[in-house]
1. Over the chain, with the other protein chains present, what is the accessible area per residue in square angstrom, probe 1.4 angstrom?
2. Can you pull out the chymotrypsin sites (Phe, Trp or Tyr not before Pro) in the stretch 124-174 whose DSSP state is coil and whose Cβ has at most 14 other Cβ atoms within 10 Å?
3. Using only the Cα atoms of the stretch 120-203, what are the Rg and Dmax in Å?
4. If you average the alpha carbon positions of the stretch 37-58 and of the stretch 132-200, how far apart do those two centres end up, in angstrom?
5. Under 12 Å from the Cβ of Gly139, count the other residues' Cβ atoms, weight Lys and Arg +1, Asp and Glu -1, and hand me the total.
6. With springs only between Cα atoms under 10 Å apart, run a GNM on the chain and tell me which of Ala67, Ala126, Ala86 wobbles the most.
7. Just need the relative contact order of the chain here, percent rounded to a whole number, with Cα pairs under 8 Å and 6+ apart.
8. Please report the base-10 log of the normalised intensity I(q)/I(0) for the chain, using a Debye sum with one equal scatterer per alpha carbon and no solvent, at each q in 0.15, 0.18 (1/Å).
Amino acid sequence: AELGELVRSLGIGWRSAPPRIRLREEERNRARDWLRGWAEGPVIAVAPGARYGPTKRWPLERFRELASRIGAHGWNVVWIGGPDEAGSLGDLDRSSRARGRQRDAMGMFSLRGSAALLAECTAAVANDSGAMHLAQGAGCPTAALFGSTEPSWTGPLGPNRIVRHEVACSPCFRSDCPYNLECWDGLHVDRVWSELQDLVAQS
């Protein structure tokens, strides 16, 4: 909004709609084929990574708990991540049987392939990361989790939710934390799950 006001003050036209990635139909079809026969009902993309460091990553165990709640609610979970995150979930198929339907796509798709997969999802949950911006570009409503960074600087545009726990030292923009990651410690699964449900209901 602030950027839009600045651009308009310079006499330049401004569209409030966020930019979108132009996906080819064959890219969308590949994503649909991968989901077909597996996901019935809403599909939530879960992206637990962020390259900058632990101050930008909500703990993986909380992502796992959130994924369990999504599955117990009757929705489906697709884990999104790059090649360096492949295998980080362990034996997901066996461990997720009692926690609803989950599927690991980490490292399986190219950047554009991941965008196409996100375009087919109902919503996404991501840290302040490349995956968050990719979800926005794909038009996937996103619950964006912020720890050490500032959402007014790098937050997503459009129909998204900013989810953070306010602490005195945030934003610090540090890659490490001298205070035991209080910004993440105070962001509980209940809060993220509530925000996600509201986002899906409004999308």
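1. That works out to 53 Å² for each residue.
2. Numbers: sites: Phe146, Trp153, Phe173; in loops: Phe173.
Qualifying residues, ordered by number: Phe173.
3. Both quantities, over Cα of the stretch 120-203: 12.8, 40 Å.
4. Using only Cα atoms to place each centre, the spacing works out to 12 Å.
5. For residues surrounding Gly139, the net value is +2.
6. Largest GNM mean-square fluctuation: Ala86.
7. Numbers: 350 pairs, mean separation 45.1, N = 203.
Reported as a whole number, the value is 22 percent.
8. Each listed q corresponds, in turn, to -0.93, -1.30.
The values are calculated or read from the model by the stated rules, or taken from the named source; none is laboratory data. Quick caveat, the model's predicted, so the values are computed rather than measured. With ideal geometry, Cβ positions are generated from the backbone for all residues, glycine too; neighbour counts draw on all protein chains shown. These accessible areas exclude ligands, DNA and RNA; they are computed on the full protein's heavy atoms, side chains included. Shrake-Rupley method; radii C 1.70, N 1.55, O 1.52, S 1.80 Å.
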